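Reading through the structure tokens given below for one structure.
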Amino acid sequence: MALLADFVALRASLPRLEPGDEIVLRDDGGTACALLRQKRGEPRNFAFENGVARELRLQDDGGIPAARLCTDAASICAALEPTIGPVREPLLVAWRPGKRAVLRMRRGETTVFVKLLDKRSYRRASSAFESLRAADGPLAFALPESMLPDLCAYAAVAAPGKPLHDMLADAQSPPWGLVDRAVRALASAHCPADLPRQDFASARDAAIKMLSRASCVDHRCAKLAERVANLCPPSQTREGFVHGDLHDKQMFLASESAWLIDLEGCSRGDSNFDLVNLAEHLRLRALQRDGKDDGLCDSMLDRFAISHEVRMAWGLCVRARLVGVYAMRPRHADVVGTLFTSLDSSLPDQE
């Protein structure tokens, strides 16, 4: 209850929201924190400590080694120039304190993204990128052009094409045949033996963890987490390469290719996870846009002839995690309510 009160006080202390802005709440070891995503402007992070809300500064983020260079544009550009060449106009586009920050900048006429990571994440990313091979067409991996070990960072050129998310938001009809071929190619991509394993148990644990964190702002999440723990893994699996966070913002569609970004968390395991994760995000986006399911999720799973058992097990697991994620985003309270209802009628009861 104390943490809930802190979140209420923190939200009341935040700057006035403009149209398109979004608040993302986070429990950081018992401290109420909030990310303010601004439609026009850089993301800002706040923490509520000792009864006072204070704004965090990226350059003070001790968990991200390269953060100390982000005092001003000149400093970060000078630090990056020896490795990636002359860059300008750095803009912070994402920041999770202690974990990662993403800068977008210009190099000539090219857009370059530089992802600053914590030490542990960088080690995993570096190991994953060293193991990856080019994917079979029409799938393409947007791999880093430069690794920056001294900064625990990497640089990547912007992927060509348009995100699937933006096509759907603009009411365009995406080339679903291209999407399907890319997803199939992803599952059969070369899977190095040293990649971490992503199976149903680990995905279920991630959903439970996310719901437990969200229970500080929505008490329903705690009961839901207990029921998710009773989910049984499906008997059918498709062993292969796993992106680990495949959704509509990660896939860029060009004329004859589909590019995937953010591959540092790739793993090996049940590739049904990627397929169902993408499909459930299609359902989520429809709920966010129109307040109702447009059927794209089920249509995708139908095209892949996913069995009812696999569809239910992975679908409930993914949907439960999305509830935990979006329960911390007050703007999406109606969507969370709809997802809660669907899970409540489908999840096994507590033992």
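Hey, what number do you get for the chain at 222 nm if only DSSP H runs of n ≥ 4 count, each worth -39500 (n - 2.57), divided across all residues, to the nearest 500?
-12000 deg cm²/dmol
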Pulled fully out, how much extra length does the chain show between Lys249 and Leu143, if you take 0.36 nm times their separation in residues and subtract their Cα-Cα distance? 36.5 nm
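Sorted by packing (mean other beta-carbon atoms within 10 Å per residue), highest first, where do 231-237, 58-64 land? Walk me through the numbers on the way to the answer.
Numbers: 231-237: 14.7, 58-64: 17.9.
Top to bottom by mean Cβ count within 10 Å: 58-64, 231-237.
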Span-rule helices in the chain, defined as complete DSSP H runs reaching 20 Å or more along the axis (Cα) with Kyte mean at least 1.6: none
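Exactly which trypsin sites (Lys or Arg not before Pro) in region 251-351 are in a DSSP loop and have at most 11 other Cβ atoms within 10 Å?
Working: sites: Arg268, Arg283, Arg285, Arg289, Lys292, Arg303, Arg311, Arg319, Arg321, Arg331; in loops: Lys292.
Qualifying residues, ordered by number: Lys292.
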For a label point 7 Å from the Cα of Glu309 along Cα→C-beta, name the residues of region 323-351 whose backbone N is under 17 Å from it. 348
The summed charge of the Gly315 Cβ neighbourhood (under 10 Å; Lys/Arg +1, Asp/Glu -1) stands at +1
Considering Cα pairs under 8 angstrom that are at least six residues apart, work out the relative contact order of the chain and quote it in whole percent. 15
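I need the calculated FRET efficiency for the pair Glu109 and Asp170, taking r as the beta carbon distance and R₀ as 25 Å, to the nearest 0.05. Mind showing how you got there, number by number?
On the way: r = 24 Å, r/R0 = 0.97.
Calculated value: 0.55.
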If one puts a single equal scatterer on every Cα of region 136-269 and applies the Debye formula without solvent, what log₁₀ I(q)/I(0) results at q = 0.11, 0.20 Å⁻¹? -0.55, -1.17
Karplus-derived 3J(HN,Hα), 6.51/-1.76/1.60, for each residue of region 96-108, Hz, glycine and proline x: 10, x, x, 10, 6, 8, 10, 10, 10, 8, 10, 10, x
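Using the Cα centre as the reference, give the magnitude of the dipole from point charges on the C-beta atoms of the chain (Lys, Arg: +1; Asp, Glu: -1; all else neutral), rounded to the nearest 20 debye.
With Lys and Arg at +1 and Asp and Glu at -1, about 460 debye.
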Just to be sure I understand: of the beta bridges DSSP finds with both ends in the chain, what percent are antiparallel, rounded to 5? 90
Anchor Lys119: lysines whose Cα lies under 24 Å away (excluding residues fewer than 8 positions away in-chain): Lys99, Lys209
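For the pair Arg289 and Asp344, what calculated FRET efficiency results from E = 1/(1 + (r/R0)^6), where r is the Cβ-Cβ distance and R0 = 22 Å, to the nearest 0.05? Kindly include the intermediate steps, with their values, before the conclusion.
Details: r = 23 Å, r/R0 = 1.06.
The formula returns an efficiency of 0.40 here.
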Could you list the residues of region 68-99 with an amide nitrogen less than 15 Å from a label point located 7 Å from the Cα of Ala158 in the Cα-to-C-beta direction? 88-94
Which lysines have a Cα less than 26 Å from the Cα of Lys292, not counting those fewer than 8 places away in the same chain? Lys39, Lys162, Lys223, Lys249
Find out how many positive minus negative residues lie around Leu17, taking Lys and Arg as positive, Asp and Glu as negative, among other residues whose Cβ is under 12 Å from that of Leu17. +4
Whole-number Å³ per residue for the convex hull built on Cα positions in the chain: 143
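Values in this text are rule-based calculations from the coordinates and carry no lab data. Owing to the predicted nature of the structure, the values given are computational and were not obtained by experimental measurement. Every residue, glycine as well, gets a Cβ built from its backbone with ideal geometry; the counts of neighbours run over all protein chains shown.
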